[in-house]
Amino acid sequence: MSQKPSDRRHREPGDEEALDLDVTPFLNIMFMLILSTMTLTAWTQLAMLNVQAPQIGGGNVGDGNAGADAPPSTLNLTVFILKDGFNVGATGATLDGGSEGRPGQPLIPKIQVTQGGKSTVTFDFQALQKRLIEIKKTFPTEQSMIVSADADIEYDDIVHVMDAARKSSDGKLLFPSVAFAAGIVG
């Protein structure tokens, strides 16, 4: 026997009647959520960066008997992203500020940029790219490089370094195969 809702509230403790729940509105909402999720995923495209893990051992390092003009078999180019700027290392040597007459400073220091009246200090990605172009001229067959960053470096800056290392401004490939070193924390 069906009762008014106000009568149901004032039932006696011994009166138990099965309540029918209408789940149709809930199912309609769930169906619409599934459809909207499927629609949004069809329009969302994710950007992917192709990186590789550094290999342990097996590297062919040129011995001391090679000719003076012959490039080593593996360049082992590494870009270090520091809090103050960039250092670049290759085949066991680090090209840091000490070799350029500025001991203890990065090879490519941060620069001050003014945009919209605001002055900020940022990495000099163009200077890094120019340095990598010079290295590519010396080692035209080299395709890989390693990126090593301090723990407090933002991921966006790491991606900008990878972009600067892959192609020059005129579209020529520089170092498209990028590996991460042990300094980068996700």
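Results, tabulated for the structure shown:
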{"quantity": "Residues located in the stretch 162-182, provided they are closer than 16 Å to residue 86 by Cβ and assigned to a loop (DSSP other than H, G, I, E, B)", "calculated": "174, 175, 181"}
{"quantity": "Filtered residue count, the stretch 144-162, keeping only those that are without any contact (Cβ under 8 Å) to a residue 40 or more places away in the chain and exposed (fewer than 13 other Cβ atoms within 10 Å of the Cβ)", "calculated": "4"}
{"quantity": "Residue in the stretch 71-87 that is nearest to residue 149 (Cα to Cα), counting only those that are among the aliphatic types (A, V, I, L, M) and modelled with pLDDT of 85 or more", "calculated": "81"}
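The values are calculated or read from the model by the stated rules, or taken from the named source; none is laboratory data. All values derive from a computational prediction rather than experimental measurement. Heads up, the Cβs are rebuilt from the backbone with ideal geometry, glycines too, and the neighbour counts pull from every protein chain shown.
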